[in-house]
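The values are calculated or read from the model by the stated rules, or taken from the named source; none is laboratory data. What you see is a predicted model; the values in this text were computed from it and never measured. Methodologically, a virtual Cβ is constructed for each residue, glycine included, from the backbone with ideal geometry; neighbour enumeration extends over all protein chains shown.
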Amino acid sequence: MGHIPERRMMNYGFTRDGDRFVADLDDEEREIIVGLIEQTTELLEQAAPAEPEDHHPDSGETTGDVGGEFERMMTAAGLGPTNQDPSSNPPTTGFINENALAADPALGRLLPDAHHDDPLAAAEFRAWSGDTVRRTKLNRLHAAADALRPDGTPLNIDEDTAVTVLIALTDLRLVLAERLGLHDEEDVDRLEQAIQDGQMNDATALILTYDFLTWLQETLASSLT
């Protein structure tokens, strides 16, 4: 998967045109964003409610390559999901797949709990609300992908769609931030310094994409206010 050239982050972005919102994004840039959306939806699908206990996985169905090129790129950069302790086996429920949450911290970013210091309360919160949040995010991401997918015409969306895209961009940035290990400003500075030093690799390519998404989201937020 490619990355966004840094030169684009100057005079391009969302602007308001009456009750519409337009952006000068080329097809490659839109394809990259849509690709990230699709990878994020696949990640959320992994947290779908667990199958009933009498479900037998030997039905011949296969899940395919869920990770895709984006996940392989991050794995090659050493930025894939954190390896988990095999002895750790959190329960799955009919509401959300806690095993998937434990296996990938990026899912925890997308589906945070409301009780960080109380595991039991956190599990209860997810049991009641987790899959509702997950499905809401999936619907929003699908709508954003439909709006952004290249179709041979300039990007021109209404206000409701603009809000949908704005929130979807937050989810993309959350996943990228987790993959890149961006937990504070020092982490961001470290990777941006690597870019300035000419250390171009998968990680620095991803930080350029992260910066682009941040900038694009800021232009959209400014246009909405």
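Structure above, values below:
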{"read-out": "Hey, ALA121 among the small types (Gly, Ala, Ser), at pLDDT below 75 and either surrounded by fewer than 15 Cβ atoms within 10 Å (Cβ to Cβ) or not in a helix (DSSP H, G or I) (or both) or not", "value": "yes"}
{"read-out": "Inter-residue pairs, beta-carbon under 6 Å, first under 19 Å from TYR210 (Cβ atoms) and touching a residue at least 60 places away in the same chain (Cβ under 8 Å) and in region 31-50, second surrounded by fewer than 17 Cβ atoms within 10 Å (Cβ to Cβ) and basic (Lys, Arg), 6+ apart", "value": "VAL34/ARG149"}
{"read-out": "Selection status of THR153, at pLDDT below 95 and within 23 Å of ASP27 (Cα to Cα)", "value": "yes"}
{"read-out": "Test: ALA145 is closer than 28 Å to ALA100 by Cα and either at pLDDT 95 or above or touching a strand residue (DSSP E or B) at 6+ places or on another chain (Cβ under 8 Å) (or both)", "value": "yes"}
{"read-out": "Members of region 176-225 that are modelled with pLDDT of 75 or more, hydrophobic (A, V, I, L, M, F, W, C) and part of a loop (DSSP other than H, G, I, E, B)", "value": "LEU182"}
{"read-out": "Yes/no for VAL188 being within 12 Å of the chain's Cα centre (by Cα), surrounded by 16 or more Cβ atoms within 10 Å (Cβ to Cβ) and β-branched (Val, Ile, Thr)", "value": "no"}
